[in-house]
Structure formats: C-alpha cells, structure tokens
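These notes are about the structure you will find just below.
The values are calculated or read from the model by the stated rules, or taken from the named source; none is laboratory data. What you see is a predicted model, and the numbers here were worked out from it, not measured in a lab. We place every Cβ from the backbone using ideal geometry, glycine too, and count neighbours over all the protein chains shown.
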Amino acid sequence: MKRAPSTYLRGNFLLTTCKAAKNLKGNKLAIQTIDIKILWGRAGGRCSEPSCKEDLTAILETGSYTVGEMAHVIGSKPNAARGIPEGGSDKYENLILLCPTHHTHIDKAPEGTYPVDLLHNWKKTHEDLIRNVGKTKKYESFALLRFAVARLLSSNKAVFNSAGPLSPAAQSDPTSNLFAIWELRRLDRILPNNREILNIIDANTDLIEDIATINAVEKFRIHADSYERHIYQRLDSYELFPTEFSEFFSS
Ligand SMILES: [Zn+2]
C-alpha cells in the first residue's frame, strides 16, 4: 500500500481550520475530530438547511478556511440558543452542519423559531438525501450504467490526483494547507461518490450478467466500506481499490 508522506498526515486540520470549532474568544470547543468528520461526511459538506444545500468546500477554496459551521442542536451552554440547564453535548448526535449564514440566522432567531425537533429533522432528511443518491436511477443498458460509474470514478481520481498525498503539490510541500482540502474532499466527494456508485449498481443489478463483474463489484463494496472506516477512524490499513473494478467499469 502506498502511504502518505508522514508530514502530510500531521495536524488536526478540522479543529484548527474550522471556524465553528472555536468560540468567539478563539478558545477551542470540545468537539472531537471523529464527530466533525462524521458530521461533515454524512452531510456531504453541504448546509443542512432544506432550501440552501450550499457546498461549503467552495468557501474553503477562497482561502478563508471558513468551511461551514457545526451548530449545536441543543445549545452547549444554558444561555445559548436552544440551551438547557445541563448544556447540550458536543457529540455528532447533537450537531448539525450549516453554512455561516444559516448558523447565524438560526441562532439569532427568537427562541422557539427553530426548535430542536425541526433541526434534527433537517439533519436526518439532508443526510438521507446524501446517502441515497442514485438509489432510484435506472439505466437501459450496461454501457450506460458503466458510463455513470466511470464518471464517478473519474471524479474520485481527479480529487486524488490534485489533492491526494501523492499529488505533485503535496509532494513538493507536505506541510501545505492542501492537506485540509484532501481531508475534506475524501469526506464530501470520495465517500459520497463511492456510495452513489454502489447505489446505482444495486439499482441496476439486472444489467450485470457475468460472475466476474459481480465479483469486482463485491470487491469494490468491501473496499468502499473499509475506506470509509479508515477515513473516519484512521485505520492502519484498508482494502485497496480493486483494479479489476475499473477494468469493468471505466474503460
Ligand atoms: Zn445554508
């Protein structure tokens, strides 16, 4: 397995670059990296407000490093928005990903305008949307299915080639901020793409008639599951991308 340059793996970028991980005085909040990653990945890096869906990585590319905000559903302090005497938890279950505009708007609105149940509902609906992309897509031929998969594989490859640890930019300056982009893109681009690939294949299994292709799909499924766990929990190793999958689906 190819490994990233060690310096490229250093740092806890989300806690240092995500504005929401600090309070107004610049003190770090107690939100853990694992909760940030799960929140970011499951939201696909987009605002959870139903009419917004702003791609928050676009903000990152301006160089401002304001990459979306984790709002507490139940305020972390008694006097915070939607606060309770004992304070809300800093765990994923009590966080919702929002753009800066909606975070401010929701927290500044009169108490009761955006109740806890409504925000949980937004979060669940938004995450379901990301998770289920492609589940109802039907293709008329294997060639069309293959093209749709190839498009998503190409997107993953472009992210890896431009921002991954083996990219020329990362190799020339392993301490650059590119690592932040790579970490986010793995969560909000590669993981959702892998999910969509499996969703559209599973919705079109009638188009796959040979066992070799089925085997390649199942190897890809194992890779995708393992890679997701690696990204969230940084496992020492994971199942590599099966090259035979691209032979069937991206030529
Ligand atoms: Zn928004």
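Looking across region 17-61 at every residue that is modelled with pLDDT under 55, buried (at least 18 other Cβ atoms within 10 Å of the Cβ) and away from the ligand (no atom under 15 Å from the Cβ), the one that is nearest to the chain's Cα centre (by Cα) is identified as CYS18. Residue under question is ARG229, and the condition is that it be charged (D, E, K, R), part of a helix (DSSP H, G or I) and surrounded by 19 or more Cβ atoms within 10 Å (Cβ to Cβ); does it hold? Considered against the rule, which asks whether it is charged (D, E, K, R), part of a helix (DSSP H, G or I) and surrounded by 19 or more Cβ atoms within 10 Å (Cβ to Cβ), ARG229 comes out as no.
Scanning region 190-208 for residues that are without any contact (Cβ under 8 Å) to a residue 60 or more places away in the chain and either more than 20 Å from THR243 (Cβ to Cβ) or touching a Cys at 6+ places or on another chain (Cβ under 9 Å) (or both) gives THR205, ASP206.
Can you find a residue that is in contact with a helix residue (DSSP H, G or I) (Cβ under 6 Å, 6 or more places away or on another chain) and at pLDDT below 90 anywhere in region 200-223? No, region 200-223 has no match at all.
When restricted to residues that are away from the ligand (no atom under 11 Å from the Cβ) and of a type in the set (S, T, N, Q), region 93-108 contains 1.
Residue under question is ALA170, and the condition is that it be in a helix (DSSP H, G or I) and either crowded, with 21+ Cβ neighbours inside 10 Å or touching a Lys or Arg at 6+ places or on another chain (Cβ under 9 Å) (or both); does it hold?
Yes: the conditions hold for ALA170.
Given the options SER246, SER176, SER237, SER155, name the one that is part of a loop (DSSP other than H, G, I, E, B), touching a residue at least 24 places away in the same chain (Cβ under 8 Å) and of a type in the set (Ser, Thr, Tyr).
Working: SER246 fails: part of a loop (DSSP other than H, G, I, E, B); SER176 fails: touching a residue at least 24 places away in the same chain (Cβ under 8 Å); SER155 fails: part of a loop (DSSP other than H, G, I, E, B).
On inspection, the qualifying residue turns out to be SER237.
Residues in region 95-115 that are farther than 22 Å from GLY41 by Cβ, under 27 Å from the mean Cα position of the chain (by Cα) and part of a loop (DSSP other than H, G, I, E, B): TYR114, PRO115. Checking GLY112, GLY75, GLY87, GLY134 one by one, the residue that is among the small types (Gly, Ala, Ser), farther than 18 Å from ASP188 by Cβ, surrounded by 19 or more Cβ atoms within 10 Å (Cβ to Cβ) and away from the ligand (no atom under 16 Å from the Cβ) is GLY75 and no other.
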